[in-house]
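J.: Below you'll find the structure I mean.
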Amino acid sequence: MKKMRTDPLFLKKMNECVSCVNWNMLEKSNLMKCKTPKGYLSTAYLSPKKITFADLKDTINVCHDKLIKKEWNENNVRVFAAVNCISKEGQDKIIEHAENYLALQSSMLIHEEDNILEKDATMFPSKYKKWIGGPYYTGTLEIYQFLDCIMHLLFLGVVKTTKGVITDWINRNKKKNFYNVMTKYMYKHIPYFKFDWCKVIEAESGWVSDNYLAYCRLAKWIYHPITTSKEVHVENPSQVDKWNMNDCKKWLKRYGLIFEGKLDDLRSTILMHKKSPLPLLEVNQSCSSHNICTMIGCMLSMISQVMKREVNEDTPLQMDREIKLFLSYLNIVSTSLQESTTVWINSYNCQSLLNLPFAVELFGPLANYWEGGNCGEGYLRHVKPRIRDVHTKNWNMNVHINLLNDTSMGSVLDTHFSKKSSKRHLAKYQRFKKQSGRLKNMYHQYSSVEELYVSFKQQVPISFVMTTDGKYYSIVKKRNIKIIGGISVRF
Amino acid sequence: MSFHHVDFDFSKTDDDIKVIDELLIEKYLLMLPEIRMKDSMIQTDDSRSYYCIDSNWQEFDENIKLIYPQSPFCNYSFL
């Protein structure tokens, strides 16, 4: 990892390591060999391999042949199929088809007139043959052409998992209260802006991918105080017999003593222990805040690489490095937290990250395949308002034709106004668009300079913009005028 | 993670606001204050130190230039 950190091109160079495979899971190394599970009758050791539909079909052939020749039992087939990435449903299909085949063969030997199986086989011949696999097994697409859905992979997968690891570290280090106070303060102000690009919510549950995305953007800032400052306990300087209940409880809790009871009892316990000072209650120091900080930094760096709108030929290599650095730190943190199993092994999303550089090479910017935008699930938000009923003839076709017509006309108008019209007409058109449909809320308009200055004095997050001349402004509404104004931000 | 000292000219009033053409806005940013905690209390001192991010996954580096975040302690000089 040291070389990966210091040399940006390290992964491009040939490197051999005897103690790791550098996250190249397909490396032909003895380190990647593992023993076969019980019931696996093919080879003694297994190594990771790239799955293809051809391999899946081969697996089905082997299982079917071995079953009908009665060389393997059902358990052997299930183990072999599972190792070769055939799901439980697939295994059931292989066994069912092999059993049907054997049953038909047996019934044909009896020569009955009204053979039900033969009749059924005539009507549904495929049921009595080898299972042909899932719907895509015989298609023209390969498995690598099925793109990982980044909304699910990154935000509902990797970011959520990493958040869980950090929360675990916070709990183990007894910083939960500290964290709660801080996040309550931090999360309070940003939702007020209602930004479309930073949808933070104050609630701890009910998060969707957009909320994890916003959390990820703010992660460095959110965890900065907790990973850099130490909680200093300030003892009440007055005599112990003048301490209140809260002072007593805090002191006792800090030394791991029982803090329930009457005030006088607590005071006497404290006085007794003060005579022979106790060591402070130890917190879990197995994982340093330095490692947590680095892991968060690596996570943000990796996500920003994956979410890039513009990529070039160097991007896959850079992305590969960021992903491997993040996984390395995730491994360091999760193993030092003494988890029973390593997080990246349990969470398949973490391993799926390794596919992304190749996907970028094939498909370009992955952000263009964001399911929350106009493709995938996100497309439904444009379709749903147009569906009035589902009973009229061709309702689905009509909805799509109308939607495509409107989108095309919008695109024609956008191009016309942006390229062939004056600025005044363009501004008018944009105002019309803003009124007719909701534009994205990208910045906050302060109602007055006073509101901006008060926010600044109170040290709360502040929205600002950068203009094309490279200057920074916080946007403030101009009184009684529809145009916007800006107050210069000085760095 | 870089924090930057930020300031406004408090002498400016609502009448001194500069008109901004919405079409000339290039980036949307958010400045996040540096927060310190002491004894479970948030310290609101007058540091005016902010961490700045934009809507395009970038952040300010030490030279107040928007860059994509970089993994800590890593070398990016040859890229």
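Read-outs: derived from the displayed coordinates by stated rules, not from any lab. Quick caveat: nothing in here was measured; it's all calculated off a predicted structure. All Cβ positions, even for glycine, are placed from backbone atoms using ideal geometry, and neighbour counts span all protein chains on display.
J.: Each residue of segment A:121-137 in turn: what ³J(HN,Hα) in whole Hz from Karplus with 6.51, -1.76, 1.60 and θ = phi - 60°, glycine and Pro shown as x?
T.: Residue by residue, segment A:121-137 yields 5, 5, 6, 10, x, 5, 5, 9, 10, 4, 4, 8, x, x, x, 8, 4 Hz.
J.: Of A:THR167, A:THR183, A:ASN331, which is farthest towards the positive pole of the protein assembly as shown's charge dipole, taken about the Cα centre with +1 and -1 on the beta-carbons of Lys, Arg and Asp, Glu respectively?
T.: A:THR183
J.: Over segment B:21-79, what number does the Rg to Rh ratio reach, with both radii from the alpha-carbon atoms and Rh per Kirkwood? Write out the running numbers ahead of the final one.
T.: On the way: Rg = 15.4 Å, Rh = 14.1 Å.
That ratio is 1.09, to two decimals.
J.: Once the Cβ-Cβ distance between A:ASP241 and B:MET41 is put in as r, and R0 is 30 Å, what FRET efficiency do you end up with, to the nearest 0.05?
T.: On the way: r = 26 Å, r/R0 = 0.86.
With R0 = 30 Å, the Cβ-Cβ based efficiency is 0.70.
J.: So for A:MET123, A:MET245, A:MET4, fewest C-beta neighbours within 10 Å to most, what's the order?
T.: Details: A:MET123 8, A:MET245 13, A:MET4 20.
Result, fewest neighbours first: A:MET123, A:MET245, A:MET4.
J.: Calculate the mean, over all residues of peptide A:178-188, of how many other protein chain Cβ atoms lie within 10 angstrom of the residue's Cβ.
T.: Whole-number average of other-chain Cβ neighbours for A:178-188 is 2.
J.: Still on this structure: Report Rg(Cα)/(2.2 N^0.38 Å) for segment A:33-145, keeping two decimals. Don't skip to the end; give the middle numbers.
T.: Details: Rg = 16.1 Å, N = 113, 2.2 N^0.38 = 13.3 Å.
The value comes to 1.21.
J.: At a Cα cut-off below 17 Å, give the aspartates and glutamates reachable from A:LYS119, other chains included and same-chain residues fewer than 8 away excluded.
T.: Filter leaves A:GLU99.
J.: Put +1 on the Cβ of every Lys and Arg and -1 on every Asp and Glu Cβ in segment A:1-129; which of A:TYR101, A:THR6, A:ASN75 then has its Cα farthest towards the positive end of the dipole?
T.: Positive-end residue among those listed: A:THR6.
J.: Taking θ as phi - 60°, what are the ³J(HN,Hα) couplings along segment A:144-159 by the Karplus curve (6.51, -1.76, 1.60), each to the nearest whole Hz, with x for Gly and Pro?
T.: 5, 7, 8, 6, 5, 6, 5, 4, 6, 5, 7, 8, 7, x, 5, 5
J.: So, one more: Quickly rank A:196-202, A:383-389, A:267-273 as a protection proxy: mean count of other C-beta atoms within 10 Å, highest first.
T.: Working: A:196-202: 18.1, A:383-389: 10.3, A:267-273: 15.3.
Averaged packing, sorted descending, gives the order A:196-202, A:267-273, A:383-389.
J.: While we're looking at this one, here's another question. Listing A:PHE491, A:PHE80 from the residue with the fewest other Cβ atoms within 10 Å to the one with the most, what is the order? Write down the numbers at each step before the final one.
T.: Numbers: A:PHE491 12, A:PHE80 23.
In increasing order of surrounding Cβ atoms, one gets A:PHE491, A:PHE80.
J.: Moving on to the next point. Using a Cα-Cα cut-off of under 16 Å, which lysines could be cross-linked to A:LYS308, ignoring same-chain neighbours fewer than 8 residues away?
T.: B:LYS27
J.: Also, quick follow-up: Which ordering of A:GLU113, A:GLU204, A:GLU118 is given by a fewest-first count of other beta-carbon atoms within 10 Å?
T.: Listed from fewest to most nearby Cβ atoms, that is A:GLU113, A:GLU204, A:GLU118.
J.: Rounding to the nearest 20 debye, state how big the charge dipole of the protein assembly as shown is about its Cα centre with +1 on each Lys and Arg Cβ and -1 on each Asp and Glu Cβ.
T.: On the way: 77 positive and 63 negative charges, 235 e Å.
With only Lys, Arg, Asp and Glu charged at Cβ, the dipole is about 1120 debye.
J.: Sticking with this structure for a sec: With θ set to phi - 60°, apply the Karplus curve 6.51 cos²θ - 1.76 cosθ + 1.60 along segment A:259-273 and write out the HN-Hα couplings as whole Hz, x wherever there is a Gly or Pro.
T.: In residue order, the calculated couplings are 10, 9, x, 6, 4, 4, 5, 4, 4, 5, 4, 5, 4, 4, 6 Hz.
J.: Compactness ratio of the protein assembly as shown: Cα Rg over 2.2 N^0.38 Å, N = residue count? Walk me through the numbers on the way to the answer.
T.: Numbers: Rg = 31.0 Å, N = 570, 2.2 N^0.38 = 24.5 Å.
Taking the Cα Rg and dividing by 2.2 N^0.38 Å, one obtains 1.26.
J.: Let me ask something else. Please give the calculated 222 nm ellipticity per residue for the protein assembly as shown, where each DSSP H segment of at least 4 residues contributes -39500 (n - 2.57) and the sum is spread over every residue; nearest 500 deg cm²/dmol?
T.: Values: 19 runs with 246 residues, N = 570.
Calculated mean residue ellipticity at 222 nm is -13500 deg cm²/dmol.
J.: For each pair in A:LYS13/A:LYS163; A:LYS163/A:LYS249; A:LYS13/A:LYS324, compute the distance between the two Cα atoms and list the pairs where it is over 22 Å.
T.: On the way: A:LYS13/A:LYS163 33 Å; A:LYS163/A:LYS249 31 Å; A:LYS13/A:LYS324 15 Å.
Exceeds cut-off: A:LYS13/A:LYS163; A:LYS163/A:LYS249.
J.: While we're on this one: Along the Cα→Cβ direction, 7 angstrom out, place labels at A:ILE68 and A:TYR45. What is the inter-label distance in nm?
T.: 3.5
J.: Within the set of other residues whose C-beta is less than 11 Å from the C-beta of A:ASN61, count the net charge using Lys and Arg as +1 and Asp and Glu as -1. Let's see the in-between values first.
T.: Numbers: positive: A:LYS57, A:LYS66, A:LYS130; negative: A:ASP55, A:ASP58, A:ASP65.
So the surrounding residues net to 0.
J.: Separate question: Taking the Cα centre of segment A:449-488 as the origin and placing charges on Cβ (Lys, Arg +1; Asp, Glu -1), which of A:ILE483, A:LEU452, A:GLY470 is farthest toward the positive end of the dipole?
T.: A:ILE483
J.: Students often get this wrong, so check it: of A:LYS175/A:LYS262; A:LYS66/A:LYS127; A:LYS175/A:LYS220, which have C-alpha atoms separated by over 20 Å? Working shown, then result.
T.: Numbers: A:LYS175/A:LYS262 27 Å; A:LYS66/A:LYS127 18 Å; A:LYS175/A:LYS220 17 Å.
As for pairs spanning more than 20 Å Cα to Cα, those are A:LYS175/A:LYS262.
J.: Applying 1/(1 + (r/R0)^6) with R0 = 45 Å to the Cβ-Cβ distance of A:ASN61 and A:LEU9, what FRET efficiency is obtained, to the nearest 0.05?
T.: Here the calculated transfer efficiency is 0.55.
J.: Could you list, in their original order, any pairs among A:LYS50/A:LYS160; A:LYS50/A:LYS88; A:LYS188/A:LYS250; A:LYS57/A:LYS129 whose Cα atoms are separated by more than 23 Å? Please list the in-between numbers first.
T.: Details: A:LYS50/A:LYS160 27 Å; A:LYS50/A:LYS88 20 Å; A:LYS188/A:LYS250 27 Å; A:LYS57/A:LYS129 14 Å.
Long pairs (Cα-Cα over 23 Å): A:LYS50/A:LYS160; A:LYS188/A:LYS250.
J.: Place a +1 charge on the Cβ of each Lys and Arg in segment A:387-436 and a -1 charge on the Cβ of each Asp and Glu, then give the dipole magnitude about the Cα centre in debye, rounded to the nearest 20.
T.: Computed charge dipole of segment A:387-436: roughly 460 debye.
J.: In whole Å, largest first, what are the principal axis extents of the Cα atoms in segment A:105-207?
T.: In descending order, the Cα extents are 81, 33, 23 Å.
J.: Within 10 Å of each Cβ of B:62-73, how many other protein chain Cβ atoms are there on average? Each step should come with its number before you reach the end.
T.: Numbers: counts 0, 0, 2, 0, 1, 1, 9, 12, 7, 17, 13, 8.
The per-residue average across the peptide is 6.
J.: Just need log10 I(q)/I(0) for segment A:387-436 at q = 0.33 Å⁻¹, Debye formula, equal scatterers on the alpha-carbon atoms, no solvent, rounded to two decimals.
T.: Debye curve over Cα of segment A:387-436, log10 I(q)/I(0) at q = 0.33 Å⁻¹: -1.15.
J.: Same structure again: For segment A:449-488, how big is Rg over Rh, using alpha carbon atoms and the Kirkwood form of Rh? Could the numbers behind the result be given before it?
T.: Values: Rg = 11.0 Å, Rh = 11.0 Å.
Value, to two decimals: 1.00.
J.: Then there is this: Pop the C-beta distance of B:ASP7 and A:ARG172 into the FRET formula with R0 = 35 Å and round what comes out to the nearest 0.05. Walk me through the intermediate numbers first.
T.: On the way: r = 40 Å, r/R0 = 1.15.
Here the calculated transfer efficiency is 0.30.
J.: What average number of partner chain Cβ atoms lie no more than 10 Å from the Cβ of the residues making up A:443-452? Please list the in-between numbers first.
T.: Details: counts 7, 2, 0, 0, 1, 3, 9, 2, 0, 2.
Shielding by partners across A:443-452 averages 3.
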